[in-house]
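This report concerns only the one structure given below.
The values are calculated or read from the model by the stated rules, or taken from the named source; none is laboratory data. Since this is a predicted model, take the numbers as computed values, not measurements. Here the Cβ positions follow ideal geometry from the backbone for every residue, glycine too, while neighbour counts run over all protein chains shown.
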Amino acid sequence: MLSSQHRRAIGLASGFIAPYRKQVVGALLALIVTAGITLSMGQGIRLLVDQGFMTRSPQLLNQSIGLFMVLVIGLAIGTFSRFYLVSWIGERVVADIRRQVFNHLVYLHPGFYENNRSSEIQSRLTADTTLLQSVIGSSLSLFLRNALMVIGGIVLLFITNPKLTSIVVIALPLVLAPILVFGRRVRSLSRQSQDRIADVGSYVSETLGQIKTVQAYNHQVQDERRFAVTVEQAFDTARKRIAQRAWLITLVIVLVLGAVGVMLWVGGMDVIAGRISGGELAAFVFYSLIVGSAFGTLSEVIGELQRAAGAAERIAELLRSQNIIQPPTSDLVTLPERVRGDLRLEGVRFSYPSRPESYAVDGLDLTVNAGETLALVGPSGAGKSTVYDLLLRFYDPAQGRIFIDGVPLTQLDPLDLRRHFALVSQNPALFFGTVEENIRYGNPDATAEQVREAARIAHAHDFIDKMPDGYQTHLGDGGLGLSGGQRQRLAIARALLVDAPILLLDEATSALDAQSEHLIQQALPNLMKNRTTLVIAHRLATVKNADRIAVMDQGRVVAVGTHQELVASNELYARLAALQFNVGHAAVVD
């Protein structure tokens with residue numbers, strides 16, 4: 001009986017192989033032809049011995065050798081076809097799997113990545129699919145070919161000499177038993193081995209991705225120790241798996257070739273007694289070796305198939321992951337080409353999946369009018385950034401509702417909703433590619449002139465122009481090599497180019513030096529013009545001129561007003577202002 005893991009692995013593979021039926025049929029035909037030719041060579045050997053060598057006839061020898069060469073040519077053509085088609089199917093299927101898994105992952109809600117390490121997911125997408133490619137493009141072909149050789153070889157053994165075949169058949173249960181016993185252990189260890197390999201990849205990715213922090217704190221020695229432990233765990237699991245497979249192969253070889261040895265002794269005695277010919281014994285030995293080597297290969301390939309089953313299961317887990325942020329199945333509303341920008345949150349309560357016991361926002365009520373600039377201020381952990389996560393519908397609240405232009409967000413397609421927002425985060429994300437590609441990230445159809453204009457408004461054009469290749473300069477991962485202020489200005493240029501009706505600025509000037517911040521402050525009025533803007537800022541100097549300021553604390557809005565109103569009426573805001581402007585509370589009020 002197949003395990004549920006095997007059934008899922010077969011289902012996954014067959015679903016991806018199905019579109020390439022013609023190639024599969026061609027590969028199977030080539031497989032059958034090559035197996036048939038290989039098996040027929042045993043009869044060629046019998047004829048060669050009995051009619052070529054034993055008769056001492058040059059003519060019969062020439063015919064036998066001619067037939068043998070025809071078989072060799074046919075085997076070569078069939079092997080080429082089988083190898084090419086099977087390898088093509090393996091590469092094609094794995095490319096399809098990688099594309100489908102990636103396409104599935106990029107639409108999964110951010111909450112999924114809170115509970116799953118991105119580096120482990122990357123390992124599944126690369127290492128596991130590479131293993132599948134090896135199995136589908138090689139091991140599976142070997143398995144089918146050797147299975148045919150075993151079946152065909154046993155049939156021809158019976159035809160050639162039933163008496164000797166009985167010796168081989170008696171040995172078969174002895175061979176199958178260890179395959180079944182060790183196969184189960186190999187399957188379990190194969191899954192563990194893949195998990196340990198993923199741990200190694202995850203640790204490498206995490207450490208090298210934060211290499212400046214690692215070196216700044218001289219953490220290399222500790223990382224060496226921790227990585228050594230991770231590598232040794234992977235090695236230990238792999239060692240156990242290899243030991244099980246080695247025992248399996250050894251037992252198969254001893255049992256199969258031991259049976260062949262007994263058969264040769266019995267057959268040799270029959271040749272001496274004249275009961276069979278030398279050609280029949282030679283053919284029988286050939287078939288016995290074919291069956292024995294095929295069984296040995298099968299036992300080895302089964303280990304690869306066990307590993308592939310584990311890899312397929314890990315990939316299937318990713319594909320089964322559900323995206324909980326979905327368009328509604330009914331009452332779907334489509335927003336107009338450009339919304340007005342009215343936003344409203346009513347009684348919103350929400351906790352992140354990784355911290356379900358504490359609410360990030362708790363009973364939040366907030367209204368933002370179209371075209372208004374509203375600043376969110378408050379201590380760290382007050383829930384300011386969570387408001388952005390909810391507005392962009394990265395998460396749905398546990399209670400309460402959120403509206404855009406009077407339409408509940410849950411009645412919208414997330415893709416339709418998000419095209420109306422432009423986000424500039426506190427730590428702007430830049431991607432490997434050119435400067436121009438990064439600015440055009442939210443608007444791929446923008447012209448080169450539009451890109452440059454956005455950069456000018458964001459005061460990024462001057463430093464871009466001084467780069468070696470200007471706008472075609474390639475950036476490292478995450479914008480490596482750029483200062484914090486330069487990365488921030490590129491992110492602002494990107495938001496400008498999107499031209500969305502709603503702006504979300506999350507500490508958009510926090511990484512800028514005084515001069516750059518002054519330049520950005522000069523550009524922000526043009527950026528905010530005719531747009532609804534939400535600004536998160538810890539530095540109150542950047543939000544003093546907002547239309548309104550909402551003070552947040554412990555997930556709630558505790559006060560709303562202008563800077564002067566809040567200084568006079570709200571103790572929390574007055575305290576924050578006194579600390580930041582470095583004056584006493586009375587002076588701030590005054």
Of the residues Val252, Val260, only one is under 17 Å from Thr165 (Cβ atoms) and in contact with a helix residue (DSSP H, G or I) (Cβ under 6 Å, 6 or more places away or on another chain); which? Val260
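Okay, residues lined up against (1) touching a residue at least 60 places away in the same chain (Cβ under 8 Å); (2) outside any loop (DSSP other than H, G, I, E, B):
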residue	(1), (2)
Ala309	yes, yes
Leu319	yes, yes
Leu345	no, yes
Asp362	yes, yes
Ala370	yes, no
Pro379	yes, no
Tyr388	yes, yes
Pro397	no, no
Thr410	yes, yes
Might you check whether a residue that is under 28 Å from the mean Cα position of the chain (by Cα), assigned to a strand (DSSP E or B) and touching a residue at least 40 places away in the same chain (Cβ under 8 Å) occurs anywhere in the stretch 425-438? yes
What pairs come out if I take residues in the stretch 226-253 that are within 22 Å of Ser205 (Cβ to Cβ) and part of a helix (DSSP H, G or I) and pair them with residues that are of a type in the set (D, E, K, R) and at pLDDT below 80 whose C-beta lies under 7 Å away, six or more apart or interchain? Thr230/Asp199; Gln233/Arg196; Ala234/Arg196; Ala234/Asp199; Thr237/Arg196
Quick check on my filter: what residues within the stretch 224-282 are of a type in the set (D, E, K, R) and either surrounded by 14 or more Cβ atoms within 10 Å (Cβ to Cβ) or in contact with a Cys (Cβ under 7 Å, 6 or more places away or on another chain) (or both)? Lys240, Arg241, Arg245, Asp270, Glu280
Within the group Glu300, Glu337, which residue is modelled with pLDDT under 80 and either loosely packed, with under 14 Cβ neighbours inside 10 Å or within 30 Å of Arg196 (Cα to Cα) (or both)? Glu300
Would you point out the residue of the stretch 340-357, among those that are over 24 Å from Arg531 (Cβ atoms) and modelled with pLDDT of 85 or more, that is surrounded by the fewest Cβ atoms within 10 Å (Cβ to Cβ)? Gly347
Return a yes/no flag: does the stretch 138-147 have any residue that is of a type in the set (D, E, K, R) and surrounded by fewer than 22 Cβ atoms within 10 Å (Cβ to Cβ). no
Report every pair of residues separated by at least 6 positions or lying on different chains whose Cβ atoms are under 6 Å apart, first residue within the stretch 513-532 and under 15 Å from Lys544 (Cβ atoms) and at pLDDT 70 or above, second part of a loop (DSSP other than H, G, I, E, B) and of a type in the set (A, V, I, L, M). none
Does any residue in the stretch 9-23 that is within 10 Å of Val93 (Cα to Cα) come within less than 7 Å, Cβ to Cβ, of a residue that is acidic (Asp, Glu) and surrounded by 13 or more Cβ atoms within 10 Å (Cβ to Cβ) six or more places away or on a different chain, and which pairs are these? Phe16/Asp96
Name the one entry in Gln322, Gln306 that is under 30 Å from Arg418 (Cα atoms) and either assigned by TED's automatic domain parsing to the domain that holds Val260 or not charged (D, E, K, R) (or both). Gln322
At least 2 residues that are touching a residue at least 40 places away in the same chain (Cβ under 8 Å) and within 24 Å of Gly15 (Cβ to Cβ) in each: list the helices (runs of 4 or more DSSP H) lying fully within the stretch 109-148 that qualify. 118-123, 129-134
Residue check, Val252 modelled with pLDDT of 80 or more and aliphatic (A, V, I, L, M): no
Would you mind finding the one in Gly378, Gly400 that is in contact with an Asp or Glu (Cβ under 9 Å, 6 or more places away or on another chain), small (Gly, Ala, Ser), surrounded by 15 or more Cβ atoms within 10 Å (Cβ to Cβ) and at pLDDT below 90? Gly378
Would you check if Thr329 is over 30 Å from Val557 (Cβ atoms) and not assigned by TED's automatic domain parsing to the domain that holds Gly42? yes
Meets criteria (in a helix (DSSP H, G or I), at pLDDT 85 or above, assigned by TED's automatic domain parsing to the domain that holds Ile32 and among the small types (Gly, Ala, Ser)) for Ala95: yes
Just the residues that are farther than 21 Å from Gly476 by Cα and not in a helix (DSSP H, G or I), please, taken from the stretch 201-222. Tyr217, Asn218, His219
Does any residue of the stretch 55-67 turn out to be out of contact with any Pro (no Cβ under 9 Å at 6 or more places or on another chain), buried (at least 16 other Cβ atoms within 10 Å of the Cβ), in the same structural domain as Tyr287 (by TED's automatic domain parsing) and modelled with pLDDT of 80 or more? no
Can you confirm whether Leu289 is over 34 Å from the mean Cα position of the chain (by Cα), among the aliphatic types (A, V, I, L, M), modelled with pLDDT of 75 or more and under 30 Å from Tyr388 (Cβ atoms)? no
Here the residues within the stretch 420-446 that are farther than 9 Å from Leu497 by Cα and among the charged types (D, E, K, R) are Glu436, Glu437, Asp445
Looking at this structure, is Ser293 out of contact with any helix residue (DSSP H, G or I) (no Cβ under 6 Å at 6 or more places or on another chain), within 30 Å of Pro162 (Cα to Cα), polar (S, T, N, Q) and buried (at least 16 other Cβ atoms within 10 Å of the Cβ)? yes
